[in-house]
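The values are calculated or read from the model by the stated rules, or taken from the named source; none is laboratory data. The shown structure was predicted, so the numbers you read here are calculated from the model rather than taken from an experiment. Positions of Cβ are generated from backbone atoms using ideal geometry, with glycine treated the same way; all protein chains shown enter the neighbour counts.
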Amino acid sequence: MKGKAFKMGRKKEFSNTWWADKWINLLESFGWASRLQRGRTYARNDRVQSIDIKLGVVKAKVKGTRVRPYDITIRIQPLSKQEWNKVIDIMASQAIFAARLLVGEMPLDIEEAFLACKVSLFPESSRDIETDCSCPDWANPCKHIAAVHYILAQEFDEDPFLIFRLRGMERDDIIQALRERRSIAKEDEETSQVDLPKVEEQTDIPLSTSIDSFWKAQKGLESFTLDISKPEVTGAILKRLGPPPFAPEDEELLARLKEAYSIISKKAVETAYGLTD
């Protein structure tokens with residue numbers, strides 16, 4: 001994300017997901033609630049003109065009382081390569097972690113993977129966040145820095161992988177590492193399986209000789225079970241594939257596709273189990 005400029009418009013909330021809420025709640029727990037409140041007004045009034053989130057650092061420009069916008073820097077200590085390797089090992093070992101992350105969602109208990117490695121995904125105290133603003137206000141965070149904190153929560157809402165970026169790991173690198181580990185685990189599982197007895201090859205029965213019994217349940221069907229339920233991850237296929245190449249910037253198209261997938265999923269469950277509104 002490089003020098004992103006945006007407008008808040010009439011949006012009043014800065015967080016709609018648990019991970020964005022976590023960010024705001026943590027900052028308030030550091031004793032910054034009153035200072036953050038001043039920044040909330042700045043954020044709502046489109047004072048944050050641009051934001052650039054890189055590995056371990058956030059650069060932003062905020063319009064204050066002067067003509068020239070203030071320069072804001074927020075730093076969070078990235079995890080080491082060794083620490084990230086341990087965390088990704090834990091993520092890959094849990095199918096639900098890998099499944100949700102691979103489709104761009106943050107698992108609710110993702111912090112457990114970090115705690116298992118004795119590190120933290122989010123800052124644990126105010127000492128873990130270094131901030132600087134070019135304004136003359138001595139308070140920390142000043143209202144300009146506080147405004148950027150709220151915009152960060154909004155950015156986390158849209159892309160949870162930005163939290164990982166602040167901790168030193170890019171989205172594509174995490175996805176690649178997860179896929180590699182899952183692939184190796186699958187190969188190990190296949191090679192460790194015992195040889196199964198060979199199944200005798202069956203000869204296809206000509207349709208002309210089985211027309212009378214074609215639509216009847218055949219032997220063994222009674223042991224077949226099928227569970228139709230709403231997917232745990234909404235729009236998983238769309239998130240995995242990403243924006244369509246013919247309309248990469250068309251947000252309305254993606255919204256319509258997500259709505260269509262949701263309606264189809266609901267209809268499938270209703271049809272399978274005879275449910276009605």
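Is it the case, given these coordinates, that Val87 is under 19 Å from the mean Cα position of the chain (by Cα), closer than 26 Å to Pro107 by Cβ and modelled with pLDDT of 90 or more? Against the criterion (under 19 Å from the mean Cα position of the chain (by Cα), closer than 26 Å to Pro107 by Cβ and modelled with pLDDT of 90 or more), Val87 qualifies. Just name the residue that is nearest to the chain's Cα centre (by Cα) out of those in the stretch 13-46 that are in contact (Cβ under 8 Å) with a residue 12 or more places away in the chain and outside any helix (DSSP H, G or I). The selected residue is Thr17. In the stretch 58-71 there is at least one residue matching the filter, namely being modelled with pLDDT of 90 or more and acidic (Asp, Glu). Checked against (1) over 30 Å from Ser34 (Cβ atoms); (2) touching a Cys at 6+ places or on another chain (Cβ under 9 Å), Asn140 passes all but condition (1).
Considering Arg171, Arg165, the condition of being touching a helix residue (DSSP H, G or I) at 6+ places or on another chain (Cβ under 8 Å), in the same structural domain as Gln37 (by TED's automatic domain parsing), crowded, with 20+ Cβ neighbours inside 10 Å and not aliphatic (A, V, I, L, M) is satisfied by Arg165 alone. The residues in the stretch 138-182 that are aromatic (Phe, Trp, Tyr) and closer than 18 Å to Leu121 by Cβ can be counted, and the count is 3. Among the residues of the stretch 123-158, those identified as under 17 Å from Trp19 (Cα atoms) and out of contact with any helix residue (DSSP H, G or I) (no Cβ under 8 Å at 6 or more places or on another chain) are Glu124, Glu158.
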